[in-house]
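Worksheet: one structure, shown below.
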Amino acid sequence: MRNILLLGAGKSSSVLLHKLHEMSQNKSVKITIVDLVLDHIKYHDSLSFVKQAIDINNRELLEDVIVTQDIVISLMPPDLHLQVAKLCLECKKHFISASYLNEKIKALEPEILRKGLFFVNEMGLDPGIDHLLAMEMIMDIKNKGGIIHTFESYCGGLVAPESDDNPLHYKITWNPLNIVNAGKAGARYLENNDLVSLTHKQVFEQHKTVVIQGSGNFEMYANRDSLPYIDLYGLQGVDTFVRGTLRLPGFCASWSNLIEMGLTDENKIINDELLREMEQLASNNAVKWLLKDTTVKAPANATSYLLDTIVHKLYFKDNDKDRVVLYHKIGYSLDGKLRFNDFVLDRKGKDKQETAMAETVGLPLLACVELILENKFIKPGILLPSDTEVFELVLNKLRGYGLFS
């Protein structure tokens, strides 16, 4: 009997949970779910799992659960991954996460190697599937003798057209705090051999229109620092390299207005009087709609107010559907000609629970669980989707699941 633990049963977990349930019916596998919020676990009462509601910060309780497992999947907020990873290392358990690898987990690698463990990171949608497909496309072009000049990668969790019924043209399918904090680190990317650096406000002001054949028109704002990925992908010498986030037209102007008013500023304190002034002064109709009929009962942090507001106004109704769009475009020269290869992943969710976001985050995690159980990963240590021995194996699994051809 192999034991698998899932930490976190929130918005992104539903598809993974159902797939793990199927696995437990067909293989000698036992699944345990742990979440702080009891309602998250109750939603999955129909699935035959061991379910526990505990505080992840309670090290003793968490260790008692982890010590009995073989593989731990963490869908917890990024700031909690380190303590989970350390416990997995102490208890000699494999660790899988959809979040970015941080330096403190990276520093654990010597002991991870010594204990022969697999610590798989960045195995969701973005990061995750974006890197897997990028590496496959890049390797294919290079193997043919092509020289890559431009690389563009854009991804977004969106609302499906039939469910797009608010002025912001957006609904929440993942951690809402990440939405409030989007762009705060600014952005850097390479465009026509020029280094472009943007502030928080400029990220949304200087968005671009992206037209994807068969999928439509989108707004793209640059996503954090693209430059480290040039070396990761082995694309030194490219003229253009940019990674960005996709939104439906109109979103970026609205978010820029929210930034102007200070509603994304965690140091700003607002009250109801100031909120009413903001509503009157808002230059964007979508922002006016967002602030309308909301109140601040006591002086509050601006970002806390904004977080609460988007949770209550940008929620998915029972019959709503979400959409995930991922787009890669690579320009290269081969046989004296300039060519372009692109890839489009455009998935629509079934309902507000089985979302496209949950599917595209959950299936790469499932693939890694299966690959560990099947002893397909060879080299222990920290594994990333950009690793050659990783991306080929995971992509084969994802194609087997029917996520793309």
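The values are calculated or read from the model by the stated rules, or taken from the named source; none is laboratory data. These numbers were taken from a predicted model, which means no experiment stands behind them. Glycine also receives a Cβ, built like all others from the backbone with ideal geometry; neighbour counts cover every protein chain displayed.
So the values come out like this:
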{"item": "Residue check for residue 310: of a type in the set (A, V, I, L, M) and assigned to a strand (DSSP E or B)", "result": "no"}
{"item": "Selection within segment 359-377 - in contact (Cβ under 8 Å) with a residue 24 or more places away in the chain and either outside the structural domain of residue 120 (by TED's automatic domain parsing) or outside any helix (DSSP H, G or I) (or both)", "result": "377"}
{"item": "Criterion: surrounded by 20 or more Cβ atoms within 10 Å (Cβ to Cβ) and not basic (Lys, Arg) - qualifying residue of 314, 258", "result": "258"}
{"item": "Filtered residue count, segment 221-250, keeping only those that are out of contact with any Ser or Thr (no Cβ under 7 Å at 6 or more places or on another chain), in contact (Cβ under 8 Å) with a residue 24 or more places away in the chain and not hydroxyl-bearing (Ser, Thr, Tyr)", "result": "13"}
{"item": "Test: residue in segment 189-203 that is in contact (Cβ under 8 Å) with a residue 60 or more places away in the chain, closer than 13 Å to residue 150 by Cα and more than 23 Å from the chain's Cα centre (by Cα)", "result": "no"}
{"item": "Flag if residue 187 is surrounded by 17 or more Cβ atoms within 10 Å (Cβ to Cβ), out of contact with any Ser or Thr (no Cβ under 6 Å at 6 or more places or on another chain) and closer than 30 Å to residue 353 by Cβ", "result": "no"}
{"item": "Filter result for residue 303 (over 17 Å from the mean Cα position of the chain (by Cα) and either buried (at least 18 other Cβ atoms within 10 Å of the Cβ) or in a helix (DSSP H, G or I) (or both))", "result": "yes"}
{"item": "Unique residue being at pLDDT 95 or above and either in the same structural domain as residue 290 (by TED's automatic domain parsing) or not small (Gly, Ala, Ser) (or both) when the list is 219, 266", "result": "219"}
{"item": "Which listed residue is within 13 Å of the chain's Cα centre (by Cα) and charged (D, E, K, R), from 103, 122, 90", "result": "122"}
{"item": "Counted residues, segment 108-133 - those being under 30 Å from residue 174 (Cα atoms), assigned to a helix (DSSP H, G or I) and of a type in the set (D, E, K, R)", "result": "2"}
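This table checks each residue for (1) without any contact (Cβ under 8 Å) to a residue 40 or more places away in the chain; (2) in contact with a strand residue (DSSP E or B) (Cβ under 9 Å, 6 or more places away or on another chain); (3) in the same structural domain as residue 258 (by TED's automatic domain parsing).
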residue: 275; (1), (2), (3): yes, no, yes
residue: 280; (1), (2), (3): yes, no, yes
residue: 296; (1), (2), (3): yes, yes, yes
residue: 301; (1), (2), (3): yes, yes, yes
residue: 306; (1), (2), (3): no, no, yes
residue: 315; (1), (2), (3): no, no, yes
residue: 318; (1), (2), (3): yes, no, yes
residue: 323; (1), (2), (3): no, yes, yes
